[in-house]
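Enquirer: What follows is a structure written as structure tokens; I'll ask about it next.
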Amino acid sequence: MNQSMRTLVMVVAGVAVYSSAALADPPAQPRVMHANAVASPANKRPGVIPDVAHEHMEIRKPELPGGGGGGGRGGGGGSWTDAALQTSYPASFAASLLTSTDGIPADGVIPPDANVAVGDTQVVEVVNTEYAVFDKTGTMLQAPQPIHTVFAGLGGMCETQDGGDPVVLFDQLAHRWFVSQLEYNADFSQNLLCTAVSTTADAMGGYVLYEWDFGNNLPDYPKIGLWPDAYYFSANMFWSGAIFLNAEACAFDRTAMINGQPAIGVCFSSSSPTLLPASLDGSTLPNAGAPGLYLRNASNALALYRFHVDFTNINNSTFRSVSVPVQAFHLACGNGGTCIPQPGTTQQLDSLGDRLMFRLSYRRFATYESLIVNHSVQVRSTSTQVAPRWYEIRNPFGTPSVAQQSTFAPDTTRYRWMGAVGQDKQGNLLLGYSASSASLFPSIGYAGRLATDPVNQLSSEFLSFFGTGSQTGYARWGDYTSMAVDPVDDCTFWFVGEYLVTTGSFNWHTRLESLKFPGCQ
């Protein structure tokens with residue numbers, strides 16, 4: 001679970017009513033949530049960059065069943081090497097680093113859960129408990145502020161505290177910002193998702209706020225995806241914050257929300273944890289009525305879910321899955337847990353290898369539709385080395401197939417994890433991640449490919465920013481990051497990574513960087 005963020009304010013508040021009826025895996029019957037909208041005045045305080053908080057807090061992480069994702073264990077016992085391991089790296093890294101600037105600094109919470117979104121003129125970063133606004137040169141326009149300030153006027157926990165797992169997206173279709181975070185009380189008897197949709201393209205302007213009430217069930221690790229008909233949501237549901245119940249997938253009525261109207265959410269449940277919703281990149285839409293998409297890890301496969309929502313007659317809504325076989329893989333660190341080494345300490349870091357990593361990017365090209373995603377895997381049986389496995393899936397609305405897949409490990413010593421991947425309008429791909437080893441402090445790295453490169457091939461590695469410290473006392477690193485593409489030129493990538501200057505705990509830094517491939521204009 002993660003913490004909250006501060007962001008843009010003129011909010012509209014909502015209160016959701018959540019039905020308690022449990023659902024089995026699809027096919028299933030939909031469940032409905034309701035949220036009303038209420039306005040409050042915009043808040044444009046300049047704020048200040050805070051010092052490291054005196055009170056430190058680790059955001060707790062409820063345990064998922066079976067290691068988390070139901071992921072593959074590869075090809076049985078004996079000696080093995082990852083089936084999709086890229087074995088040669090003939091192409092040099094082609095993208096250019098345009099900007100690199102410090103993002104939000106440590107605010108007393110572990111992990112930071114940094115993610116980034118890019119709008120018409122602004123870049124917004126969120127971490128647990130705070131948000132900040134930048135221009136596209138990396139200049140800070142709005143210093144870090146608590147996320148709950150976005151929800152002023154809503155009342156209750158959304159307005160007064162920061163619960164974690166923030167997500168920020170830019171809705172390039174409506175030119176609006178979307179911000180969300182969790183809220184919960186001490187005994188998890190009340191659990192909320194707070195969402196804000198801006199009224200303009202200015203992240204420092206007004207918002208419409210909605211409060212979605214999940215009752216006694218904590219919607220942990222929430223993720224949001226932009227789609228033409230809805231904001232698609234996912235979370236792992238824990239009764240009283242402790243006992244895993246199911247994964248939840250909800251469609252929130254986007255049309256109502258961008259118009260400041262009362263909204264409903266239509267929800268389905270799955271017994272398998274950690275669904276990841278797809279988010280639209282670019283301005284070319286899927287066919288009208290195309291369902292929202294989700295992916296999750298399965299046993300040497302990806303499970304692709306199609307969520308058709310009907311907000312007029314919710315009983316027409318459907319949530320169905322199909323299996324997409326992939327090359328055999330082994331969960332990072334054996335069970336998706338902790339094994340990432342660092343210099344000068346025995347403290348290892350959590351790989352979060354039990355789940356697909358945020359975001360799942362959808363893009364429509366002239367002749368095909370494409371999904372891009374990654375997760376962390378173990379490279380070989382003789383080492384715990386961790387590397388990102390990335391996939392491109394095509395034809396997601398028909399018979400889906402894996403167009404590309406490979407595992408990026410250009411050496412045998414560095415561990416690479418916490419990846420985020422995306423494509424520009426030409427089909428060039430960029431993967432950003434954290435890198436560490438016994439001799440490399442946690443740093444920020446990239447690999448990429450031009451659309452014209454041979455399939456399954458990434459470039460050589462580019463380390464853009466070197467950390468100079470190790471994290472001690474806590475294994476949590478992440479728990480996620482994101483890669484965003486500038487909607488104006490549809491070419492410039494923005495990534496936010498994490499590093500430390502000095503060895504310690506609760507002293508992380510974030511770094512905002514933009515990159516671009518040659519020839520994309």
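Enquirer: Sorted by mean Cβ packing within 10 Å, highest first, what order do the peptides 339-346, 423-430 take?
Expert: Ranked by mean Cβ neighbours within 10 Å, highest first: 423-430, 339-346.
Enquirer: Going highest first, how would you order 293-302, 491-500, 512-521 by mean Cβ packing within 10 Å?
Expert: Top of the packing list down: 491-500, 293-302, 512-521.
Enquirer: Put +1 on the Cβ of each Lys and Arg and -1 on the Cβ of each Asp and Glu in the chain; which of ILE264, TYR368, PHE307 then has its Cα farthest toward the positive end of the dipole?
Expert: About the Cα centre, the residue reaching furthest to the positive side is TYR368.
Enquirer: To continue, here is another question. Once you put a point 7 Å from the Cα of THR399 and another 7 Å from the Cα of THR412, both along the Cβ direction, what distance in nm separates them?
Expert: It is 4.1 nm.
Enquirer: Using a Förster distance of 22 Å, how high is the FRET efficiency between THR346 and SER439, based on the Cβ-Cβ distance and rounded to 0.05?
Expert: 0.90
Enquirer: Further question: About its Cα centre, how strong a charge dipole does segment 403-521 have in debye, to the nearest 20, once Lys and Arg get +1 and Asp and Glu get -1 at the Cβ?
Expert: Here segment 403-521 has a charge dipole of around 240 debye.
Enquirer: For segment 443-521, what does the convex hull of the Cα positions come to per residue, in cubic angstrom?
Expert: For segment 443-521, the hull spanned by Cα atoms encloses 114 Å³ per residue.
Enquirer: Also, I was wondering about something else. Using only alpha-carbon positions, what ratio does the radius of gyration of segment 297-409 give when scaled by 2.2 N^0.38 Å?
Expert: Taking the Cα Rg and dividing by 2.2 N^0.38 Å, one obtains 1.30.
Enquirer: Under the √(5λ) rule applied to the eigenvalues of the Cα gyration tensor, what semi-axes describe the equivalent ellipsoid of the chain? Give them in Å, descending.
Expert: 31, 26, 23
Enquirer: Here is a follow-up. Give, in nm to one decimal, the length gained when the segment between GLN426 and THR200 is fully stretched (0.36 nm per residue of separation minus the Cα-Cα distance).
Expert: 78.5 nm
Enquirer: Nearest 0.05, what FRET efficiency do ASP187 and SER383 give at R0 = 56 Å with Cβ-Cβ as r?
Expert: So the FRET efficiency works out to roughly 0.85.
Enquirer: A further question follows. Which peptide among 281-290, 431-440 comes first, and what is the full order, when sorted by highest mean count of other Cβ atoms within 10 Å?
Expert: 431-440, 281-290
Enquirer: If you stretched the chain out fully between SER299 and THR160, how much longer would it get, using 0.36 nm times the residue separation minus the C-alpha to C-alpha distance?
Expert: 45.8 nm
Enquirer: Another question about this same structure. Suppose only helical runs count, i.e. DSSP H with n ≥ 4. What mean residue ellipticity at 222 nm does that imply for the chain under -39500 (n - 2.57) per run, divided by all residues and rounded to the nearest 500 deg cm²/dmol?
Expert: Using -39500 (n - 2.57) per qualifying helix, the result is -500 deg cm²/dmol.
Enquirer: Going by Cβ distance under 4.7 Å, what cysteines of the chain have no possible disulfide partner?
Expert: None; all cysteines have another Cys Cβ under 4.7 Å.
Enquirer: Write down the percent of antiparallel bridges among all DSSP beta bridges whose residues are both part of the chain, to the nearest 5.
Expert: So the antiparallel bridges amount to about 95 percent of the total.
Enquirer: Dipole of the chain (Lys/Arg Cβ +1, Asp/Glu Cβ -1, origin at the Cα centre): which of ALA196, GLY467, GLN405 lies farthest to the positive side?
Expert: Final value for the positive-end residue is GLN405.
Enquirer: Continuing with the same structure: Extension gain THR284-GLU63, at 0.36 nm per residue separation less the Cα-Cα distance, in nm?
Expert: Value of the extension gain: 75.7 nm.
Laboratory data are not the source of any read-out in this text; all were calculated from the coordinates shown. Since the structure is predicted, the reported quantities are computational estimates derived from the model, not experimental observations. Reconstructed Cβ throughout: ideal geometry from the backbone, glycine too, with neighbour counts over all protein chains shown.
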